[in-house]
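Q: One structure coming up, written as structure tokens, with questions to follow.
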Amino acid sequence: MERNLSESIKKMNNLISYDRNKTILEQQMLNEREQLLTEIGLGTILRFVGIGAAFNWIVKKLFSGSKSKIKDELGVDDEKGFFSLLKSDKSARDKVSDLYKDSRSFDDFNYDDLPDDGVYKRILKGIGAPVTGNNMALMYAWRKAESGRARNNPFNTMHDGGLAVSKYNQQGVKNYGSTSDGIQATVATLENGYYNSVVKSLKDDESPYNTAKKIGDSPWGTTYRLISNVLDDIKEGKRFTSPIAK
């Protein structure tokens, strides 16, 4: 009986030791991947999506599949080789970083054939932000994510200031009597002090994914995930064409 008990304790200690070593190795791998992802440019989103998800995105979007450019450029055929090369070769990290930045940019977004582009241009100009592919893509994606039907109020602002003509819902979203009033109310909301990081991101012409993250962190209420999903759809060539409710 004592011998069996002793053997059981020994087996248990071996299992505990194995699990501890396994955990240490897994943490070392996460630390290595975090360093790589930070250098590539994903450091700012690691806390939101996690190290594993961010690295999986890199592998899926930039390495795996028949459309991958990086696979041929780096001369590797599998994920293990890809990860090893990223660890050892700075030029490889630079290439992946460039591809990542390209994937986040909407510089070539064509917004002139979509309805209501004039509204978004006037809102951007109202806060002193440039009218660019990045910013216009963000405005379209944000409006789609909000998906409200309040009159002349594409982003569901609750600002009154004597501009609102009625309430759209119980949460306080307003209807406005004209396009100009809705634009003025939206600009006033963005400039009320609670959305400085969003305004700065738009003024700096940042990637719309970056601006979406700041909107998600703000009191506005539209989530990063909803906006980023629409941005992904835009990247795939989908168009959002429903006009603003008048």
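Readers should treat all values here as calculations from the given coordinates under stated rules, not as data from a laboratory. In this text the structure is predicted, and so the values were computed from the model without any measurement. All Cβ positions, glycine included, derive from the backbone under ideal geometry; neighbour counts span all protein chains shown.
Q: Under a point spin-label approximation (7 Å from Cα along Cα-to-Cβ), what is the Glu191-Lys203 distance to one decimal in nm?
A: Using points 7 Å along Cα→Cβ, the separation is 1.1 nm.
Q: Could I ask something else about it? Can you give me the distance in nm between label points at Lys235 and Ser166, each placed 7 Å from the Cα along the Cα-to-Cβ direction?
A: 4.1 nm
Q: With r as the distance between the Cβ atoms of Gln28 and Asp102 and R0 = 35 Å, compute the FRET efficiency 1/(1 + (r/R0)^6) and round to 0.05. Mind showing how you got there, number by number?
A: Numbers: r = 31 Å, r/R0 = 0.88.
For Asp102 and Gln28, the calculated efficiency is 0.70.
Q: Same structure, new question: Please state the equivalent ellipsoid semi-axes for region 124-242: what are the square roots of 5 times the Cα gyration tensor eigenvalues, largest first, in whole Å?
A: Values: eigenvalues 99, 52, 34 Å².
Result for region 124-242: semi-axes of 22, 16, 13 Å.
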